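Chemist: There's a structure below that I have some questions on.
The values are calculated or read from the model by the stated rules, or taken from the named source; none is laboratory data. The shown structure was predicted, so the numbers you read here are calculated from the model rather than taken from an experiment. Positions of Cβ are generated from backbone atoms using ideal geometry, with glycine treated the same way; all protein chains shown enter the neighbour counts.
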DNA sequence: CTTGACCCTCACGTAGCGTGAGGCCGGAGG
DNA sequence: CCTCCGGCCTCACGCTACGTGAGGGTCAAG
């Protein structure tokens with residue numbers, strides 16, 4: 001049995017189901033004067049006539065197109081408004097928002113990649129930037145070890161915004177630092193000497209800017225790894241024989257100079 | 001002269017300009033506990049330290065990716081949250097919104113087309129649906145005459161949502177009506193007879209459902225045009241000789257029966 | 001007369017701030 | 001010392017388009 005469509009009109013609930021909107025929406029449109037029911041029962045029930053429903057239907061259509069209620073009101077009430085022009089403006093807005101969202105999506109993709117791979121570079125680019133002795137597996141290993149730590153997150157967020165050129169610049173800076181370390185050792189500066197201290201602090205600054213904030217405690221742990229990890233040790237000793245040990249000792253000495261016992265330092 | 005970066009930290013204004021956000025945003029993030037300044041002067045000024053700025057920067061990045069503040073809070077504070085998973089969820093949201101907006105855009109395009117051309121059918125489709133005697137220029141003429149009137153707007157909005165199949169159904173209904181009109185005239189029913197009145201009301205209902213709400217006053221004007229416009233007259237007289245005049249008279253008679261003087265009726 | 005479905009009017013909550021209002025602080029000039 | 005201007009502070013309401021109850025009448029059926 002269909003609803004007894006009394007000739008007077010439909011109640012809010014009936015109108016709402018016919019239009020596919022909520023009762024509250026109809027109430028709201030009533031409140032702001034966008035669409036009032038032209039009839040009502042003596043007890044205050046709203047009754048929507050066929051003409052009311054036509055207007056409501058137009059509202060629903062324009063609302064589905066993403067127009068704001070005030071713009072809809074203008075279109076419906078002000079016959080002077082240029083409807084196609086208003087629609088074209090809205091079309092432009094939609095296009096703009098789509099483009100913006102697509103950029104957001106691309107940024108998210110980069111960020112996801114950064115979190116999952118650590119480096120946003122192809123293997124070819126990695127070799128070109130970090131040199132032939134770079135092993136592409138290292139970033140995967142680093143990810144396995146540090147994934148989930150705040151440091152990894154910070155690193156991932158930064159690397160998501162880095163272009164190959166910026167990676168190149170980082171690699172150059174690092175290579176510069178390696179050279180300086182080798183020259184200092186070669187020149188006879190010992191761990192603990194002012195020159196060595198300066199270089200250790202320079203390493204901390206460069207590292208913090210390139211990867212993530214490095215405390216002196218963390219730097220101590222890193223130095224130990226440089227010496228004990230075969231790959232890292234080979235890298236530094238490749239610059240100058242004995243450099244891995246010299247650098248670790250310099251870091252330890254610098255930490256001691258800042259009141260830290262390198263033998264109890266932890267990564268935190 | 002750069003700002004005197006007092007070692008303690010930056011004031012809100014300085015932090016805001018560095019981060020590219022407003023002061024109010026920083027206040028807001030403070031209010032909801034997302035990012036508090038860890039220092040403050042005795043007089044209550046906020047001072048943001050370097051660590052604070054790091055956190056703020058991360059917030060800015062994630063906010064630019066479209067994440068909500070609560071989600072950002074989870075990522076920053078709760079090391080247990082799976083960051084890539086959260087990002088992928090967000091990526092899906094963005095993709096969904098893009099698709100939705102693209103549908104909106106398509107709907108807007110249809111609506112704009114409908115307002116500007118009146119019919120969303122190719123000339124071929126028009127001929128196939130309305131028959132070989134249909135003249136594609138008619139819709140352009142109708143647009144020139146009625147553009148800007150509420151009736152045209154209603155018509156355009158409806159036709160924007162109509163598929164060729166629905167147009168076919170409308171054409172069929174109209175053809176049915178034409179046939180019935182011709183048969184009634186042929187059978188000798190006169191304008192004003194109950195049979196003729198029924199057909200006139202049927203025309204009004206069909207027309208209102210297919211194009212726009214038609215009052216009896218408007219129907220009278222339409223009937224006069226059917227008789228006087230050569231194209232329309234040819235159409236009806238092609239169904240049955242003399243049908244254009246018979247139909248116009250039937251509309252007039254029906255209007256009179258409803259208390260309307262057809263000679264003073266206006267389109268409104 | 002009761003019951004359950006429906007209706008009414010407040011009125012607060014949402015996300016992320018914008019935008020004043022009204023008033024205190026800090027450094028420079030007179 | 002006073003004043004002035006720019007910067008800072010804390011309320012606190014405003015914005016979109018309703019969602020979601022709270023508390024209470026209304027309507028048709030049993």
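Chemist: Do we have any residue at all in region B:29-46 that's surrounded by 17 or more Cβ atoms within 10 Å (Cβ to Cβ) and under 42 Å from the mean Cα position of the chain (by Cα)?
Modeler: yes
Chemist: Can you report the number of residues in region A:81-114 which are over 35 Å from the mean Cα position of the chain (by Cα) and more than 9 Å from chain B (Cβ to nearest Cβ)?
Modeler: Residues flagged as over 35 Å from the mean Cα position of the chain (by Cα) and more than 9 Å from chain B (Cβ to nearest Cβ) within region A:81-114 amount to 2.
Chemist: Among the numbered criteria (1) away from chain B (no Cβ under 14 Å); (2) under 44 Å from the mean Cα position of the chain (by Cα); (3) more than 13 Å from DNA strand D (Cβ to nearest atom), which single criterion is violated by residue A:9?
Modeler: (2)
Chemist: Further, regarding this structure: Scan (1) over 15 Å from residue A:87 (Cβ atoms); (2) in the same structural domain as residue B:218 (by TED's automatic domain parsing); (3) crowded, with 18+ Cβ neighbours inside 10 Å for the single condition residue B:87 breaks and write down its number.
Modeler: With respect to (1) over 15 Å from residue A:87 (Cβ atoms); (2) in the same structural domain as residue B:218 (by TED's automatic domain parsing); (3) crowded, with 18+ Cβ neighbours inside 10 Å, residue B:87 is out only on (2).
Chemist: Taking region B:45-75, which residues are farther than 22 Å from residue A:208 by Cα and more than 10 Å from chain A (Cβ to nearest Cβ)?
Modeler: Answer for region B:45-75, where residues must be farther than 22 Å from residue A:208 by Cα and more than 10 Å from chain A (Cβ to nearest Cβ): B:45, B:46, B:47, B:63, B:68, B:69, B:70, B:71, B:72, B:73, B:74.
Table: residues versus (1) within 16 Å of DNA strand C (Cβ to nearest atom); (2) without any contact (Cβ under 8 Å) to a residue 60 or more places away in the chain; (3) within 25 Å of residue A:14 (Cβ to Cβ).
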{"position": "A:45", "(1), (2), (3)": "yes, yes, yes"}
{"position": "A:61", "(1), (2), (3)": "no, yes, yes"}
{"position": "A:78", "(1), (2), (3)": "no, yes, no"}
{"position": "A:96", "(1), (2), (3)": "no, yes, no"}
{"position": "A:127", "(1), (2), (3)": "no, yes, no"}
{"position": "A:136", "(1), (2), (3)": "no, yes, no"}
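Chemist: As an exercise: evaluate residue B:25 against (1) within 16 Å of DNA strand D (Cβ to nearest atom); (2) at positive phi and give the number of the one condition it does not meet.
Modeler: Unmet for residue B:25, out of (1) within 16 Å of DNA strand D (Cβ to nearest atom); (2) at positive phi: (2).
Chemist: Further question on the same structure: Looking only at region B:30-43, decide whether some residue is assigned to a helix (DSSP H, G or I), within 19 Å of residue A:154 (Cβ to Cβ) and more than 7 Å from DNA strand C (Cβ to nearest atom).
Modeler: no
Chemist: Test residue A:78 against the stated conditions and say whether it is closer than 30 Å to residue B:143 by Cβ, more than 10 Å from every other protein chain (Cβ to nearest Cβ) and out of contact with any helix residue (DSSP H, G or I) (no Cβ under 7 Å at 6 or more places or on another chain).
Modeler: Yes.
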